[in-house]
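Worksheet: the structure to be examined is printed underneath.
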Amino acid sequence: MEVLAAPVVRRPSSAVTYFSLDLALLPDSEAFELIWSLTGEDEGEERSRLSPSRFQLFHTFLRNFQYLSAIMNNMSQSNYNRTIASSPKGSILSEEPKQKSALDVINQAKSNIIRNSDFHGIESINVLHESECSDDDDERNQNESNSEDGSNPPRNTETTINSHEDSSSSRETFWIPEVPNEMIPVKNSKFKTEAEIEKMYKTYAEEGGFDVRKTTTRKSKQGIVKYIVCNRQGKPNARPYDSSTDKKRKERRKSSMFRRECTACIKYRICNDSTIELYVFNEEHNHALVNKANRNLLMQNRQINLYDMHFINNMATTNVGPVKAFRLMTSIRGGYELGGANENDYKNFNRDMNSHIKGSDAHLVITKLENRFEHVENFSFEHSSTKDHLDGMFWADETAKMNYKEFGDVVSFDATFRTNKYRMVFVPFTGVDNHRRCVSFGAGLLCHEDEESYVWLLQRFLNAFGKQPTLVLTDQDGAMKNAIAKVFPMSKHRLCMWHITQKLPVKVASDFANYETFKQRFSDIVWDSSIDIEEFEERWGALFKDYKMTDNNWFKDMYKIRERWIPAYFKHIPMSGLMRTTSRSESQNSTFNQATHFGSPLVYFMMSYEMLMERQRHKQNVNDHKDRVTTVRTETDLHIEEHAREIYTREVFLKVQKEIKLSIYACFPINSIIEEGVEISTLVETNKSKRSAPVEILNEDGEKELDWNIPRTTSTYTVTFNKDVNSAECDCFYFQHYGTLCRHVFCIFRKHNVTRIPSKYILRRWLKDLIPTEQLKKKFARGDWTDETNVAANDMFRILYECISKVNNDPIKLEELHNQMKEMKKNLDEECNEPMSKVDVLNKFLGVTTEQVVKIKNPILAKTKGSGTHSRIKSAKEKAQIQATKVQRRCGKCHQAAPHNARTCNQVYSKK
């Protein structure tokens, strides 16, 4: 253990001040020669004065005390600063003549050591016999403070011993910090402010290797007295836990005892004339001080700063906890010793934030959104409560409303769970933008998934946006179905095809063995958007007749609601092909689930939502910028392709470009007639089969060879074209489904040399630059930190990193930059005002101030469909696969392995 100062050994009744060598670890003979040489005596009869027997008593006397000699520390003898851990019992000298002789030898030895050493700064060393010392520190320090010069006395190391023969009584070792003289507090010194004296003592403590804290404040006749003490002051809580007697008391967690009753401190008083005077300074510590290598672990050197708080708060909005945030920050800073705050400090800040929110979580969110509703233009927000408990809320900002105005023809919404600690379901409304990317139109939180709650939410959605969507896509939730019928009577409600087809394995796997062939034919029917209603009806009936499944109840139910999910019934609905499943909603829900946590308060959930909206709109702006600065290469020499590239966004143009190419290589007019100025053309489209590569076959000789004859299928389409108005309609209804022209129309346009897409076929939703860049760059205020403050701070970080990058290869300039920054920090420490309190900082992060009176209470823990389980909900397909692997029990009546028992056996056979 590295010892930074001379320890002091104290007995409470008497004191003898001396310095000596650490001879306890030397053999008696070597110690005898060393002491004799230090006394400066000649050999011969002088040497006989200290006989071996008398030296043995002297050596035993040294073993009773634990100390380090300040003189030895200055004699460059590294092995003289060790500490004797203990001394043998009963080794105190009991005879007075022998004790005097031993002390005489020590006194003579010290005189020669001082005379021959390079130690300076101690004017006199006295050996005191049985000098009583007072335990009243206040009285002793007060007398010292009234000395003539008013300065600190010489910093001597003192040892107090007891003259009683009982050597087994307790004793302590004290450490004194080694710091430059200008840092040592001076008694009777005056200070202007309390902050000045606190800063002085903290600087001294940091250099000395210990932490400090404020403690008692009391009043006296001379003014208000305050204490700043060592952080290890106070009695340790060492009460043991006995399970046999302490039945009611909770067992304490195992932890080390930190406090050691250290008496090191300063005391200052605020006098009646407002002056501040330091009148007591005790520098002795009864515990080891922290060495320089570990100074970064001191409490005052690992205080969490505002930058760390910002980092923790920002990481929390991306579902990164304080532990991972600390590891990321450590990696950014380049090491744990440079990290400032440690892992526990990060966790404690997160704890403080949650404690600050407490029961005012819902109130904080409502207050924040209401303030935004009052001050932000075109922001919509509404909430509902039951018995003052929040049970629903909806919000949408100006950018969301602009997105809905341009892309709100098709809307999908689906509830997701486990985004907050109250189990409120999160319902985002999702659409498709002009880059064919997901875009959010607003969102809501609900405590219940019943019809009444969804009616309330959809009504708020309609109030905010002012018009009903053309098509609404959801899953088979009955509450959603009824709510849409009530609030959106003009909208077409479509069910997610994926959710329906995923139930197929459960409904048919146990009925017949040819499941794979049935599944293929079933998918060809329900997913084909080119067939009409009559063809669908015909193929559906033939399918179930061939497989004898006309009595299947589930298929009967799906057939009854075929108008809600079969594509043939949506051919005339504009943009019906844009979304046939809720996969985009599922994708958005997955993104929200990754950025939120099921244990997050609503405040953190809203921060995460705002951050995700900023990310989504940033990507939208990036796509707009990409359309402005880049150009897609054309693949034909048609002018209509050039025109399409000019008007459409990149993603939409790539799809149009594909249709234009296929109009040349896959579509061929075979017949055309003109009726009343309108040309009716019949086209044949050749399509490759799903097998697009050659396969190995056996020829007539039995040898393997590649078959390059890839089969093709042909389809016939009819296009009606009016040359006078450049109007064209195709019976594939591609334009109605997707909002762009099909290959068949482009084929007729090429035939008639049409060089530009008619304006009636250019939908605004696919054009470039629909949402202004300034609108996309508007940010949510995740707190009270203004945009100017954030921009300035981020720009400072950028400039700093650039400066470091420029001088990184020049050590001299790097050191100059380092010194300039330290000087700048020093000036800022002197000039800047007091930092904000932790409560003010937390309120800044939240963007709203906590209040004692809570108007809206936190939601009651909701019981929703997706809550109450810690395991993933298995899909219908997984359940069917698990069921198929189980060994079926045999019927006790027919003795067959079948999904029935003896009680239901007759019923099954009677149905058959």
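The values are calculated or read from the model by the stated rules, or taken from the named source; none is laboratory data. This is a predicted model, so every value here is computed, not measured. Quick reminder, even Gly has a Cβ in these numbers, built from the backbone with ideal geometry, and neighbours come from all protein chains shown. The accessibility values were calculated without ligands, DNA or RNA, using every heavy atom of the protein model including side chains. Shrake-Rupley method; radii C 1.70, N 1.55, O 1.52, S 1.80 Å.
Among 181-189, 416-424, the peptide with the highest mean count of other Cβ atoms within 10 Å heads the list, and the full ranking is 416-424, 181-189.
Computed from phi, the 3J(HN,Hα) profile of segment 597-606 under the Karplus parametrisation 6.51, -1.76, 1.60 (θ = phi - 60°) reads 9, 5, x, 7, x, 5, 4, 5, 4, 5 Hz, with x in place of Gly and Pro. In percent, rounded to a whole number, the relative contact order of segment 437-522 is 25, using alpha-carbon pairs under 8 Å and six or more apart.
From the square roots a ≥ b ≥ c of the eigenvalues of the alpha-carbon gyration tensor of segment 560-674, which class results: rounded (a/c under 1.5), prolate (a/b over b/c), or oblate?
It is oblate, given that a/c is not under 1.5 and a/b is not larger than b/c.
Estimated at 0.36 nm per residue, the fully extended path between LEU338 and ASP637 surpasses their Cα-Cα distance by 101.4 nm. Solvent-accessible area per residue in segment 506-626 equals 48 Å², computed with a 1.4 angstrom probe and all protein chains kept.
Amide H contacts for LYS893 (H built 1.01 Å from N in the peptide plane; partners 5 or more residues away or on another chain; cut-off under 5 Å): ALA902. Overall shape: oblate for segment 336-392, with the ratio a/c of the largest to smallest alpha carbon gyration tensor axis at 1.5 or above and b/c at least equal to a/b. Scalar couplings 3J(HN,Hα) for segment 353-362, obtained by applying the Karplus form with A = 6.51, B = -1.76, C = 1.60 to θ = phi - 60°, are 5, 5, 5, 5, 6, 6, x, 9, 4, 4 Hz; x denotes Gly and Pro. Overall form of segment 424-463: prolate. Here a/c, set by the Cα gyration tensor axes a ≥ b ≥ c, is 1.5 or more, and a/b is the larger of a/b and b/c. When only alpha carbons are used to place a centre, segment 193-213 and segment 318-344 end up 27 Å from one another. Here the simple spin-label model places points 7 Å from the Cα toward Cβ, and for GLN888 and LYS202 these points are separated by 7.8 nm. The accessible surface of segment 284-352, taken with every protein chain in place and a 1.4 Å probe, is 53 percent carbon and sulfur.
Can you pull out the trypsin sites (Lys or Arg not before Pro) in segment 529-564 that DSSP calls coil and that have at most 11 other Cβ atoms within 10 Å?
Of the trypsin sites (Lys or Arg not before Pro), the ones in loops of segment 529-564 whose Cβ has at most 11 other Cβ atoms within 10 Å are LYS548.
Heavy-atom surface analysis with a 1.4 Å probe gives segment 425-538 a carbon and sulfur content of 47 percent of its accessible area.
Rolling a 1.4 angstrom probe over the protein heavy atoms with all chains in place gives segment 429-482 an accessible area of 31 Å² per residue. Rounded to the nearest 20 debye, the dipole size of segment 257-416 about its Cα centre is 920 debye, using +1 on the Cβ of Lys and Arg and -1 on the Cβ of Asp and Glu.
Since only PHE592, HIS618, LEU638 are under comparison, the one whose Cα sits farthest along the positive direction of the charge dipole of segment 579-690, derived from C-beta charges on Lys, Arg, Asp and Glu, is PHE592. Backbone geometry of segment 389-399 corresponds, through the Karplus equation with coefficients 6.51, -1.76 and 1.60 at θ = phi - 60°, to 3J(HN,Hα) couplings of 9, 4, 9, x, 7, 9, 8, 7, 9, 5, 5 Hz, x marking Gly and Pro. For segment 269-326, the spherically averaged projection of the C-alpha convex hull amounts to 7.9 nm². Relative contact order of segment 551-669: 12 percent, from C-alpha pairs under 8 Å at least 6 residues apart in sequence. For segment 729-758 versus segment 616-649, the spacing of their alpha-carbon centroids is 20 Å. Between the amide H of SER385 and those of ASP391, distances stay under 5 Å, these residues lying 5 or more places away or on another chain, with hydrogens modeled in the peptide plane. Rg and Dmax of segment 448-568, based on Cα coordinates, read 17.1, 53 Å.
With the crude spin-label approximation of a point 7 Å out along Cα→Cβ, what separation in nm comes out for SER384 versus ASN726? Distance between label points: 5.1 nm.
The relative contact order of segment 296-355, computed from alpha carbon pairs under 8 Å that lie at least 6 residues apart in sequence, is 42 percent.
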